[in-house]
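J.: Sending over a structure as structure tokens; questions will come in a sec.
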Amino acid sequence: EVVVAGGMESMTNAPHLLPGSRAGYAYGPVTLLDHTAHDGLTDAFDHEAMGTSTERYTAEKYPLTREQQDSVAAASHQRAAQAWADGTFTAEVVPLTVTTRKGQTVVDTDEGIRPDTTVDTLAKLRPAFTKEGSITAGNASPISDGAAAVVLTTRQVATERGWTVLATVRAAGQVAGPDTSLHAQPARAIEAALKRQGWDAHDLDLVEINEAFGAVVAQSTAELGVDPAKVNPHGGGIAIGHPIGTSGARLVVHAAHQLHADGVQRAAVALCGGGGQGEALLLEA
């Protein structure tokens with residue numbers, strides 16, 4: 001009757017791996033594997049780094065400009081900073097007390113947000129994956145740590161136990177292929193969910209698309225045809241962070257809390273996944 005779902009990721013603590021070390025080495029150099037890069041940020045099908053792949057598809061299939069991607073990133077930081085200042089995130093964040101030799105520190109705020117980020121400051125950064133590329137450390141999500149969880153149950157059980165109902169789960173959408181690009185998969189997953197639910201994209205008051213790369217948000221927003229002001233209005237993964245095992249639940253948590261804000265009745269959350277996947281969920285107040 002009650003399901004708890006969520007995830008966590010501590011990307012900064014991911015180890016380096018030494019494949020073959022258990023059996024031992026006879027001769028020659030040995031190569032370490034970065035666990036974050038190898039297991040989390042490399043496509044398992046074509047063995048290409050997702051940043052490199054996204055750069056390639058941006059050049060070949062989705063002709064997005066550097067400025068379009070930087071605009072997504074600048075908005076992410078500015079919106080997230082404003083949302084924290086307004087107390088938008090307060091209800092959904094659980095403060096943690098960390099004890100070290102120097103004492104105790106309360107962690108209760110995302111540390112990656114840079115309020116002074118603009119398209120002009122981002123334009124000064126070098127491409128991260130190819131010499132003439134458009135993806136930089138500024139318009140892609142950073143290495144982050146985090147956790148998120150949701151409780152799913154029936155309205156009857158929630159009422160019996162005195163739990164506050166934040167949102168009602170509607171249709172879900174899943175897509176994949178035909179290639180390994182990420183750009184449009186959130187939009188296509190949302191479209192699949194909308195079709196199943198009988199809604200239209202213009203029925204949505206809020207759209208949360210995970211900001212793995214600015215290119216993904218720019219392309220998916222365009223394909224959905226929704227007002228960009230409705231997409232990630234409080235920032236996203238570029239500013240807040242994208243701990244890869246966390247982001248799906250975090251998007252749902254944030255959207256569920258926002259369904260109680262003025263004028264927000266229907267929301268869609270979506271993210272892309274390695275191998276050219278897309279996942280989406282519709283929520284209603």
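Each value in this text was obtained by applying a stated rule to the coordinates, not by laboratory testing. From a predicted model like this one, the values you see are computed outputs, not experimental measurements. Cβ sites come from the backbone with ideal geometry, for glycine too, and all protein chains shown count toward neighbours.
J.: Within the range 255-283, which residues are part of a loop (DSSP other than H, G, I, E, B) and touching a residue at least 24 places away in the same chain (Cβ under 8 Å)?
T.: Correct list: Leu259, His260, Gly263, Val264, Gln265, Gly274, Gly275, Gly276.
J.: When only residues in the range 26-46 that are assigned to a loop (DSSP other than H, G, I, E, B) and of a type in the set (Val, Ile, Thr) count, which is farthest from Thr12 (Cα to Cα)?
T.: Taking the candidates together, the pick is Val30.
J.: Among (1) surrounded by fewer than 23 Cβ atoms within 10 Å (Cβ to Cβ); (2) in contact with a Ser or Thr (Cβ under 8 Å, 6 or more places away or on another chain); (3) within 21 Å of Ser181 (Cβ to Cβ), where does Asn210 come up short?
T.: (1)
J.: Taking only the range 215-254 into account, find how many residues are hydrophobic (A, V, I, L, M, F, W, C), in a helix (DSSP H, G or I) and within 13 Å of the chain's Cα centre (by Cα).
T.: Start the filter on the range 215-254 by keeping residues that are hydrophobic (A, V, I, L, M, F, W, C), which leaves 215-218, 222, 224, 226, 229, 231, 238-240, 244, 249, 251-253.
From the residues that got through so far, the ones that are in a helix (DSSP H, G or I) too are 215-218, 222, 224, 229, 238-240, 249, 251-253.
Then drop every residue that is not within 13 Å of the chain's Cα centre (by Cα), which leaves 215-217, 238-240, 249, 251-253.
Matching residues across the range 215-254 total 10.
J.: All but one of (1) surrounded by fewer than 16 Cβ atoms within 10 Å (Cβ to Cβ); (2) in contact (Cβ under 8 Å) with a residue 24 or more places away in the chain hold for His47; state the number of the condition that does not hold.
T.: Of the numbered conditions (1) surrounded by fewer than 16 Cβ atoms within 10 Å (Cβ to Cβ); (2) in contact (Cβ under 8 Å) with a residue 24 or more places away in the chain, the odd one out for His47 is (2).
J.: Just to be sure I understand the filter: pairs with C-beta atoms under 9 Å, separated by 6 or more residues or on different chains, first member in the range 146-169 and free of Cβ contacts under 8 Å to residues at least 12 places away in the same chain, second member charged (D, E, K, R). Which pairs pass?
T.: Pairs that qualify, where the first residue is free of Cβ contacts under 8 Å to residues at least 12 places away in the same chain and the partner is charged (D, E, K, R), are Gln156/Glu1; Val165/Arg155.
J.: Restricting attention to the range 119-143, and to residues there that are surrounded by fewer than 16 Cβ atoms within 10 Å (Cβ to Cβ) and β-branched (Val, Ile, Thr), which single residue is farthest from Thr54 (Cα to Cα)?
T.: Of everything passing the filter in the range 119-143, Thr121 is farthest from Thr54 (Cα to Cα).
J.: Looking at (1) crowded, with 18+ Cβ neighbours inside 10 Å; (2) within 28 Å of Glu223 (Cβ to Cβ), find the lone condition where Gln82 falls short.
T.: Here Gln82 clears every test but (1).
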